[in-house]
Amino acid sequence: MDKDNLYKIETLLSHNTRDDENDRALTPPIAQTSTFYFNNVDQVKKAFNFETDDYVYTRGNNPTIRLFEEKMAVIEKGNASVAFASGMAAISSTLLSLLEPNDKVVFHRTLYGSTHTFAKTVLKKYGIESIFINLTDSDELKKNITKDVKVIYFETPANPNLELIDIQKVKELIGEKNIKIVVDNTFLSPYFQNPLELGADIVLHSATKYISGHGDVVAGVVVSKDVDYIHGLKFSYMTELGGVLSPFNAWLLLRGLKTLHVRMKAHESNARQIAEFLSKHKKVKNVVYPGLENFPYNDIVEKQMKGTGAIITLEIDGTKQDAIRFIESLKLFKIAVSLGDIESLVEIPSEMTHLGYDKNELEDFGLSEKMIRLSIGIENAKDLIDDINDALDKI
Ligand SMILES: Cc1ncc(COP(=O)(O)O)c(C=O)c1O
């Protein structure tokens, strides 16, 4: 599509970024091949020297993967993007590409469990110091911007407690220092938030979630305005560490993206109704959902988000056993890790996605043992509310 700047995101999502006049296929074919042949050695040399963008080997590039990367760059308002085999491959490769021994990286204290474990164990092994602070507090950030800090990394909303970080504020506080801001935008998708427009240098996603949307792919993607950075990330980290996306999964992601806007609106509409219902129920406390009247970061919602997403956290007014009874009594919500699928999912982070956090430290990381996380799907809202109501009746 050559009018990226003219079309609105719904149109960009619905169409291919470019059509192939050779096959005129409305849905692009899957280039299910590991390697690509050349007609002569000169062609090989030019491809290896990046004088042409000819395909060489699928671990470096592939037509279906390239289509996905092009589309992600457009909708996430960047200039280039690289796909990965998983969100964690995207996260680990990005951090390794930006950091060296003796560097420091500042993380928001609440993070997806495996990201936290990667920072605490793998980065440490390579002499990189991870500092976990409360990035919702500007003073804490100011105190921790020291000369060895090379990266500030956060999720906004954070998984699972939905704390929001003001991206523009972080950018302002860094000033001219050479520190990269990396934002995990998984919870909102490019439809509801574009961190690169707010001052982030790099945005990444677990594409397993809303970008796929159908719970049938594990994938990751990184987008930036800096074309050279993405080139280096792709050819010095993705290809060398080997976390390549499969062409079939790229194709499924392209299919998922076509309905991202429709799904996100449906997820959000359901989530709003469910959050309102939960916040009025006497057996429920601490309902957290952006936009709810008592949500502490509504000023940031207004400033940087185009929608409030579909993740809700809550606690049952009772014991952890009551929380377990509640989630086991739900019929439509499946007990599962992951989020962003068509189907509604439920989990207790301290027992599942965030098991890597030391139980004694949970509170320090903004989590509670009894917290329940709901990923609201696109079923009928009343059916979901009735399911929750029936499960609450059982405790
Ligand atoms: C916010 C966030 N980032 C990253 C990941 C990791 O992604 P993946 O499971 O695709 O490796 C997850 C997974 O749940 C997540 O929730």
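Read the figures in this text as sums done on the coordinates, not as results from a lab. This structure is a prediction, so every number in the text was calculated from the model and none was measured. Positions of Cβ are backbone-derived with ideal geometry, glycine not excepted, and every protein chain shown enters the neighbour counts.
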Q: Quick one: pull the percentage of alpha-carbon pairs in the stretch 116-183 with a separation above 16 Å.
A: 49
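Quick one: which of Lys171/Lys303; Lys180/Lys225; Lys8/Lys306; Lys124/Lys150; Lys8/Lys180 span more than 18 angstrom between C-alpha atoms?
Listed pairs above 18 Å: Lys8/Lys180.
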Q. To the nearest 20 debye, what is the magnitude of the charge dipole of the stretch 9-257 about its Cα centre, counting +1 on the Cβ of each Lys and Arg and -1 on the Cβ of each Asp and Glu?
A. 560
**Q.** Loop sites in the stretch 315-394: trypsin sites (Lys or Arg not before Pro), DSSP, at most 11 other Cβ within 10 Å
**A.** Lys331, Lys394
Q. Helix 63-75 versus the longest principal axis of the chain: what is the Cα-based angle in degrees, 0 to 90, to the nearest 10?
A. 60
Q | For the stretch 381-395, 3J(HN,Hα) per residue [Karplus equation, 6.51 cos²θ - 1.76 cosθ + 1.60, θ = phi - 60°, Hz, x = Gly/Pro] | A | 4, 5, 4, 5, 5, 4, 4, 5, 4, 4, 5, 5, 4, 7, 10
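Which order do peptides 201-209, 56-64 fall in by mean Cβ count within 10 Å, highest first?
The densest-packed peptide leads the list: 201-209, 56-64.
In the chain, what % of DSSP beta bridges are antiparallel (nearest 5)? Don't jump to the answer; show the numbers that get you there.
Details: 21 of 40 bridges.
Just about 50 percent of them are antiparallel.
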Q) Summing Lys, Arg as +1 and Asp, Glu as -1, what charge do residues with Cβ under 10 Å from the Cβ of Phe154 carry, Phe154 excluded? A) -2
**Q.** DSSP-defined beta bridges in the stretch 281-395 - what % are antiparallel, rounded to 5
**A.** 85
Q: Sort the following peptides by mean Cβ neighbour count (other Cβ atoms within 10 Å, averaged over residues), highest first: 66-77, 277-288, 24-35.
A: 66-77, 277-288, 24-35
Q: Round to a whole angstrom and tell me the spacing of the C-alpha centers of the stretch 202-238 and the stretch 1-64.
A: 17
Q | Ratio Rg/Rh, restricted to the chain and using Cα atoms, in which Rh is the Kirkwood radius | A | 0.98
**Q.** Helix-only [θ]222 nm of the chain, DSSP H runs n ≥ 4, -39500 (n - 2.57) each, per residue, nearest 500
**A.** -9500 deg cm²/dmol
**Q.** Most mobile of Ala310, Ala381, Ala219 in a GNM of the chain (Cα contacts under 10 Å)
**A.** Ala381
Q. Using the alpha-carbon atoms, what tilt in degrees (0 to 90, nearest 10) does helix 320-329 show relative to the longest principal axis of the chain?
A. 70
Q.
Quick check: Cα centre of the stretch 149-198 to Cα centre of the stretch 281-354, how many Å?
A. 22
Q. Out of Asn40, Asn79, Asn249, any idea which swings most in a Gaussian network model of the chain, alpha carbons joined below 10 Å?
A. Asn40
